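Trainee: This structure is in structure tokens; I'll ask about it shortly.
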Amino acid sequence: MFKKEEILSLTKSFLRLSIALIFSLGLIISYPNPSILASENISVKNYIKDKFPSLIYNIYLASLDELDQYEKEFIDILQNLPEDTQRYYAKEVYNNGFTQELLEKVREEIIAEKSLAKLEEKASEKLPAVDKEIEQLPIRIGKLSLKEKIAYRFIFNEKNTYKYWYNRFLYCGVDLERSRRVISRIKNFYHWCDEWSKEGENLENLAQEALSAENIYTAKYLFHEAAGCFFIGQLPYYIDIRKKNEALERTRENYKRALELYPEEKRPVRIEIPFRETFIPGYLKLCSHLNRPLIILINSLDGIKEIENHYLGNLLVEAGFNVFAFDGPGQGEMWKNMKMIPDYEKSVSTIINWFEEDNKYNIDLKKIATYGISLGGYFSFRATALDKRICCTVVISGPGYFPTLSELKKIKRGLFYTTGANSLKEVKSLWGEINIEEVPQLDRPLLLIYGEEDKLFPLEHAYYLMDWAIGEKELKSYPEGKHACINFLDEVVPYSIDWLRKHLLE
């Protein structure tokens, strides 16, 4: 028989051996053979397919290559974060590589997002009810979201928003101090269209009085400014589509009345070009010299031919160009008969065809350029890539690939209005994947101008376009530039005109 001390010693030895075996097995389970892990790895390109809203993530996350379990977790979490946050962390991987610390940060982000969702839910219960008359506004594009209601009542104001728009208002032909006077009367964004329309009516009456007194120049100037006020009133306004369309109609009426007061030799020529069972309406401005190049101005998403492209056209005519400004599908006059189409560039080619069939205006049609801002920039370079008759193109803040949903949300009301879609998913379904790789690489001169503080189409879009273009190309960026470089137009517009002169006139 064993003594008590011996039994105790054997028991301790057995326990030590058992613990060692369990620990060894644990190591094997926790740290499998590298060859086994390797067999479970998957390439980042395959793993992120359809997980993110833009192809740019293929570039941002390319350094991950073959994914391990931590990198997979990182991507899985990233997929469920808001798109601005997705872009931020994807850029971190692109610039600094993947780290465990980065994984911890996205884990914290997803927890914060869940907390924020709960707070918003509570806020919606406490949010003051919208005025009865506002709730009854007709013909609204979809129901206003909670964030939109908050923004329209509390965020859209002089301090946070309007001060960034003044430069655009100047390019609409509205005096700066007049803009400030109108905005001082606006209590919240629900009154935006009403107040600007009142100012437009006031200017319209003043113009009529000037005309009655045979003050022709004054009347012409005031009719233009009235058109600008009505246009600004509907510009970002999608709360009441009836009011928006009425303001647009008054814009066109005042513009036409201004044109009637021009000397015949300087009056823009109204042209209607047949296109798919409707017509493309436009105005041709002719310079004083024969056989000069043609610049085709393409509207931004919310632009129309009578306002910003009128004033840009004046500068181009002064520089020695002929200019054609038009409303494309989904824009201005065309909106009633045709919504915006994915192959918008066909309208540009149709315009060139029309001029070629009867060149009675003595235009040099061997020298044609397109010029577009924002979404108009996308249509501009796309039309140039697909139509060899276009010699060069100017693009200011245009998208090079399908924007993320968070970027699109900032302009979703405009997209619904111009395309006729009812949701961003429907927009994407109608338009497919916007990607310049679908069209031939551009082999003619390209000027890109972008703002580095552009929150809608960031500078990465310009880099994407620079990689795509194979001809002469130039990128000019402004470190403090907002979308469309709206705060640097006094530099951007003259520079773009000089660039066109060098490529078409010298």
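The values are calculated or read from the model by the stated rules, or taken from the named source; none is laboratory data. Not measured: the values here are computed from a predicted model. No Cβ is skipped: glycine too gets one built from the backbone with ideal geometry, and neighbour counts run over all protein chains shown. Note: areas computed on protein heavy atoms with side chains; ligands, DNA, RNA excluded. Shrake-Rupley method; radii C 1.70, N 1.55, O 1.52, S 1.80 Å.
Trainee: Select from the range 211-230 the residues that are farther than 17 Å from Glu308 by Cβ and touching a Leu at 6+ places or on another chain (Cβ under 7 Å) and list them in ascending order.
Mentor: Selection gives Ile216, Ala219, Lys220, Leu222.
Trainee: State yes or no: is Leu465 open to solvent by less than 30 Å² (accessible area, probe 1.4 Å) and either modelled with pLDDT of 95 or more or in contact with a helix residue (DSSP H, G or I) (Cβ under 8 Å, 6 or more places away or on another chain) (or both)?
Mentor: yes
Trainee: For Ser212, which of the numbered conditions (1) small (Gly, Ala, Ser); (2) open to solvent by 70 Å² or more (accessible area, probe 1.4 Å); (3) at pLDDT 95 or above; (4) over 30 Å from Pro263 (Cβ atoms) fails to hold?
Mentor: Among (1) small (Gly, Ala, Ser); (2) open to solvent by 70 Å² or more (accessible area, probe 1.4 Å); (3) at pLDDT 95 or above; (4) over 30 Å from Pro263 (Cβ atoms), Ser212 violates only (4).
Trainee: Something else about it: Anything in the range 257-284 that is outside any loop (DSSP other than H, G, I, E, B) and aromatic (Phe, Trp, Tyr)? List them, or say none.
Mentor: Phe275, Phe279, Tyr283
Trainee: Within the range 196-207, work out how many residues are within 15 Å of Tyr255 (Cα to Cα) and open to solvent by 70 Å² or more (accessible area, probe 1.4 Å).
Mentor: Looking only at that region, the number is 2.
Trainee: Looking at Phe381, is it at pLDDT 95 or above, touching a Lys or Arg at 6+ places or on another chain (Cβ under 7 Å), surrounded by 19 or more Cβ atoms within 10 Å (Cβ to Cβ) and of a type outside the set (Lys, Arg)?
Mentor: Taking the combined requirement at face value, the residue does not satisfy it.
Trainee: Moving to a separate point now. With respect to Ser300, determine if the residue is under 19 Å from Asn337 (Cα atoms) and polar (S, T, N, Q).
Mentor: Yes.
Trainee: Moving to a separate point now. Any idea how many residues of the range 40-55 are of a type in the set (Phe, Trp, Tyr) and at pLDDT 85 or above?
Mentor: Of the residues in that region, 1 qualify.
Trainee: Tell me which helices (runs of 4 or more DSSP H) are completely within the range 56-129 and hold 1 or more residues being at pLDDT 70 or above and closer than 24 Å to Asn435 by Cα, or say none if there are none.
Mentor: 56-60, 69-79, 83-96
Trainee: Would you tally the residues in the range 435-455 being surrounded by 19 or more Cβ atoms within 10 Å (Cβ to Cβ) and at pLDDT below 90?
Mentor: Of the residues in that region, 1 qualify.
Trainee: Which of the numbered conditions does Lys243 fail, given that it passes all the others? Conditions: (1) of a type outside the set (A, V, I, L, M); (2) over 32 Å from the mean Cα position of the chain (by Cα); (3) part of a helix (DSSP H, G or I).
Mentor: (2)
Trainee: Which one is most open to solvent (accessible area, probe 1.4 Å), of the residues in the range 333-347 that are assigned to a helix (DSSP H, G or I) and within 20 Å of Trp431 (Cβ to Cβ)?
Mentor: Lys346
Trainee: List every residue pair whose Cβ atoms lie under 7 Å apart, where the two residues are 6 or more positions apart in sequence or sit on different chains, the first residue falls within the range 82-93 and is touching a residue at least 12 places away in the same chain (Cβ under 8 Å) and at negative phi, and the second residue, located anywhere, is among the small types (Gly, Ala, Ser) and loosely packed, with under 15 Cβ neighbours inside 10 Å.
Mentor: Once the first residue is touching a residue at least 12 places away in the same chain (Cβ under 8 Å) and at negative phi and sits in the range 82-93, its partners that are among the small types (Gly, Ala, Ser) and loosely packed, with under 15 Cβ neighbours inside 10 Å give Val93/Ser63.
Trainee: Among the residues of the range 487-496, write down those that are open to solvent by 30 Å² or more (accessible area, probe 1.4 Å) and either aliphatic (A, V, I, L, M) or under 18 Å from the mean Cα position of the chain (by Cα) (or both).
Mentor: Once the filter is applied, which keeps residues that are open to solvent by 30 Å² or more (accessible area, probe 1.4 Å) and either aliphatic (A, V, I, L, M) or under 18 Å from the mean Cα position of the chain (by Cα) (or both), the range 487-496 yields Asn487, Phe488.
Trainee: So, one more: May I ask you to list pairs of residues, at least six apart or on different chains, whose Cβ atoms are under 9 Å apart, with the first in the range 43-61 being closer than 11 Å to Ile75 by Cβ and the second being loosely packed, with under 15 Cβ neighbours inside 10 Å and among the hydrophobic types (A, V, I, L, M, F, W, C)?
Mentor: Partner pairs satisfying both residue conditions: Val44/Ala62.
Trainee: Follow-up question, since we're still on this one. Going by the conditions given, is Lys428 within 21 Å of Asn299 (Cβ to Cβ) and open to solvent by 10 Å² or more (accessible area, probe 1.4 Å)?
Mentor: When the stated conditions are applied, Lys428 does not pass them.
Trainee: For the list (1) at negative phi; (2) outside any helix (DSSP H, G or I), I need the number of the one condition that Gly330 fails.
Mentor: Every listed condition holds for Gly330 apart from (1).
Trainee: On to the next question. List every residue pair whose Cβ atoms sit under 6 Å apart, with the two residues 6 or more apart in sequence or on different chains, where the first one lies in the range 360-373 and is farther than 22 Å from Ile486 by Cβ and the second, anywhere, is in a strand (DSSP E or B) and among the basic types (Lys, Arg).
Mentor: These pairs meet every condition: Asp364/Arg292.
Trainee: Right, something else. Among the residues of the range 231-243, count how many are touching a Phe, Trp or Tyr at 6+ places or on another chain (Cβ under 7 Å) and buried (at least 24 other Cβ atoms within 10 Å of the Cβ).
Mentor: 2
Trainee: With the checklist (1) without any contact (Cβ under 8 Å) to a residue 24 or more places away in the chain; (2) closer than 17 Å to Tyr378 by Cα; (3) of a type in the set (A, V, I, L, M, F, W, C) in hand, flag the one item Ala421 doesn't pass.
Mentor: Here Ala421 meets the rest and fails (2).
Trainee: Say we look at the range 408-425 and pick out the residues that are touching a Lys or Arg at 6+ places or on another chain (Cβ under 8 Å) and at pLDDT below 85; which of these is surrounded by the most Cβ atoms within 10 Å (Cβ to Cβ)?
Mentor: Among them, the one singled out is Leu424.
Trainee: Now, a different point. Have a look at Leu294, Leu286 and point out the one that is within 23 Å of Glu506 (Cα to Cα) and crowded, with 23+ Cβ neighbours inside 10 Å.
Mentor: Leu294
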